[in-house]
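Visitor: The following block contains the structure, expressed as structure tokens.
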């Protein structure tokens, strides 16, 4: 069972009934194990796929629901803020894809690294980032997570192992390979999840990085969040082989239903075990974004509204968790609605606070260009005179 | 002390003599304090397999320390090896740096000593192994990324510009990128257009990086050590033709200042600013100029980003005339930026417009004669000084 830092789950060795169908757990004991079958079987490439039966607990299901509700609210609020011109520039929204963020987080620790591209707001939240810091950064305020100097595409949280937040498509993957190289170099037993999209999957640097990771058995997991559209270009128009999990050739791959948080969790857990022993693996998350590529893209010129509402009805990640919670009597309908209302309130409060927060000082223009103050001495060979301290 | 320019077929003499003390620090006010004049001490032996010289703790004055003689690529290796001994997070990555020993032998012997992970042979994928180095630097490692030729790093431009230079800023100071990117560049001996590029002109606008160019074994080792110790990303420009320069360098440990220029020859009449290989063309021209009665002040600017405007400014205030001799092309080169910087800051002190001698704005041709006409030659420098000093 996966551990996350927010909650502890007791590894009670309760006997499981046959894992084919979901078991009903009549008590609301929050540490009891519920076994749920993932929505689809995992398809795999050059590896045996993990089992469809995912273990979870009422606590975990509630956490999934709360986190995803908060993420959904945040993205929709960001939409309104953008239209109100409080957020400028580029704003890439993640609603629809929340299951990837929470599922991944449930399978790993904060010492594992995640690096992603520009659709990073929800991953920042999943890694422990705050709503206030997110909104302040989006609005360019001093209290933002990158002091207002990064913007929507540059959220980072070093202490939780979240390495951003990158604007250039595909450039984060070699960085992710570097993170895993450092993990191997320092002999840590941690992994790196380097995330990218179906559009970036055609970048050469991905394959270069994959080659190096496979060559040196680096603990890198490449996660392709396949939302089927690279901005306005559908995947079948951009890639000769849209089976992204197979494109690693000699690197094993796994295709996962990215709208099912539990399947994502199972896959990430499996991938982490694999990467620590055998080197890189590719995960393809079959997911979907409801908004357009960014706020300047209506999202309906290259796909029909019916498609979007169809996915929303049938595969929405929050609805899936809601149904599971209700089916297992973990919470009532009203409780879930209250949670959503509460999240709405929390998000609105964070926005109000962020709106009041100050803009950066003009002097902040020049801070953090170089690292200062690390005090390396420069000295000549006679050491009688210390020339200078490197600034 | 003589510096032998073994690869130079252009030189009139067998070598270029440069006045230099053996172990001293160049002060930026132009005074040279001479230690032992190495002219009397001939090299006893050539250290071909340079192991880091043990630091001598004796407090004797420097005048009795003869130092050891080595070639520039060995000096780079010595600096690198000392830093790798000192700090276990320093690692090297690049093409053929490990088992092959480096295409210019800078990393020879390091892989057997430190292992394959610490001296990493990468596949030919500049974009991604530079990105990999930057990602590793984000976690706290201190990689030294070697481009086999600086021109190949154009493939990694995105990583160098966006991730290396800008991550410290866009993350609000959360990540520092203590990476060193180094490699040989410049016009070589008929290497062709693509292998004769001067990337300092392309990289100079990237915010957040520092650029230094080494020109002697002494400053190569010192700058390599400083670059590795620096928490900022540093690009160290070496030159293909300077790897076989021989010089006597001190045994004791020393680290040079990344942002300081070097006073090569103090003078009164004109300030000549140069760096890397052009330093030797300038010094050759300086001999002719001295014979003709001029007294040029030669400064090797070393730090290409940021410029050491303190040293340069002091010199301009003294001589009032500036000549820049560089190997970059005229358009958008280091000389162009330096001209702008000096004009903006020291305009009142100039008696004449700044003259900038650069390579021609052409791809470097293969033919030897054409290649010679592409770069600045000593007679052109002499003519320029004469015109400037009229």
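The values are calculated or read from the model by the stated rules, or taken from the named source; none is laboratory data. If you're wondering where the values come from, they're calculated on a predicted model, not measured in any experiment. Don't worry about glycine lacking a Cβ; one is built from the backbone with ideal geometry, like all the others, and counts go over all protein chains shown.
Visitor: Would you call residue A:154 in a loop (DSSP other than H, G, I, E, B), at the interface with chain B (Cβ under 7 Å from one of its Cβ atoms) and on the phi < 0 side of the Ramachandran plot?
Guide: Here the answer is yes, as residue A:154 does meet what is asked.
Visitor: Would you check which residues across the stretch B:142-164 are surrounded by 24 or more Cβ atoms within 10 Å (Cβ to Cβ) and either facing chain A (nearest Cβ under 7 Å) or assigned to a helix (DSSP H, G or I) (or both) and list them?
Guide: B:150, B:153, B:156, B:159, B:160, B:163, B:164
Condition check ((1) farther than 22 Å from residue B:328 by Cβ; (2) touching a helix residue (DSSP H, G or I) at 6+ places or on another chain (Cβ under 8 Å); (3) modelled with pLDDT under 95) across all residues:
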site: B:230; (1), (2), (3): yes, no, yes
site: B:235; (1), (2), (3): no, yes, no
site: B:254; (1), (2), (3): yes, yes, yes
site: B:271; (1), (2), (3): no, yes, no
site: B:281; (1), (2), (3): no, yes, no
site: B:284; (1), (2), (3): no, yes, no
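Visitor: One residue is enough: does the stretch B:174-186 have a residue meeting the conditions within 13 Å of another protein chain (Cβ to nearest Cβ), on the phi < 0 side of the Ramachandran plot, surrounded by 21 or more Cβ atoms within 10 Å (Cβ to Cβ) and assigned to a strand (DSSP E or B)?
Guide: No, because not a single residue in the stretch B:174-186 is within 13 Å of another protein chain (Cβ to nearest Cβ), on the phi < 0 side of the Ramachandran plot, surrounded by 21 or more Cβ atoms within 10 Å (Cβ to Cβ) and assigned to a strand (DSSP E or B).
Visitor: Of all residues in the stretch A:312-339, which are closer than 28 Å to residue A:118 by Cα and buried (at least 19 other Cβ atoms within 10 Å of the Cβ)?
Guide: Result: A:315, A:316, A:317, A:318, A:320, A:321.
Visitor: Let me ask another. Select from the stretch B:248-265 the residues that are assigned to a strand (DSSP E or B) and within 15 Å of the chain's Cα centre (by Cα) and write down the one among them that is nearest to the other protein chains (Cβ to nearest Cβ).
Guide: B:255
Visitor: Scanning for something assigned to a helix (DSSP H, G or I) and within 22 Å of residue B:280 (Cα to Cα), does the stretch B:323-334 turn up at least one residue?
Guide: Among the residues of the stretch B:323-334, at least one is assigned to a helix (DSSP H, G or I) and within 22 Å of residue B:280 (Cα to Cα), which makes the answer yes.
Visitor: Still on this structure: Would you confirm whether any residue within the stretch A:233-240 is assigned to a loop (DSSP other than H, G, I, E, B), away from chain B (no Cβ under 14 Å) and closer than 19 Å to residue A:120 by Cα?
Guide: No - not one qualifying residue is present in the stretch A:233-240.
Visitor: Got a sec? Which of A:210, A:175 is part of a helix (DSSP H, G or I), more than 7 Å from chain B (Cβ to nearest Cβ), in contact with a helix residue (DSSP H, G or I) (Cβ under 9 Å, 6 or more places away or on another chain) and in contact (Cβ under 8 Å) with a residue 40 or more places away in the chain?
Guide: A:210
Visitor: State yes or no: is residue A:307 surrounded by 20 or more Cβ atoms within 10 Å (Cβ to Cβ), over 21 Å from the mean Cα position of the chain (by Cα) and part of a helix (DSSP H, G or I)?
Guide: It is false that residue A:307 is surrounded by 20 or more Cβ atoms within 10 Å (Cβ to Cβ), over 21 Å from the mean Cα position of the chain (by Cα) and part of a helix (DSSP H, G or I).
Visitor: From the list A:218, A:222, exactly one residue is more than 8 Å from chain B (Cβ to nearest Cβ), closer than 16 Å to residue A:275 by Cβ and assigned to a loop (DSSP other than H, G, I, E, B). Which is it?
Guide: One residue alone meets the criteria, A:218.
Visitor: Turning to a different aspect of this structure: Out of all the residues in the stretch B:293-307, which are closer than 15 Å to residue B:264 by Cα and crowded, with 21+ Cβ neighbours inside 10 Å?
Guide: B:296, B:297, B:298, B:299, B:300, B:301, B:302, B:303
Visitor: For the stretch A:178-207, which residues satisfy the criterion of being within 9 Å of chain B (Cβ to nearest Cβ), under 25 Å from residue A:101 (Cβ atoms) and part of a helix (DSSP H, G or I)?
Guide: Selection gives A:178, A:179, A:180, A:181, A:182, A:183, A:205, A:206.
Visitor: Only one residue in B:107, B:122, B:170 is facing chain A (nearest Cβ under 7 Å), surrounded by 21 or more Cβ atoms within 10 Å (Cβ to Cβ) and more than 25 Å from residue A:151 (Cβ to Cβ), so which one is that?
Guide: Being facing chain A (nearest Cβ under 7 Å), surrounded by 21 or more Cβ atoms within 10 Å (Cβ to Cβ) and more than 25 Å from residue A:151 (Cβ to Cβ) holds for just one of B:107, B:122, B:170, which is B:122.
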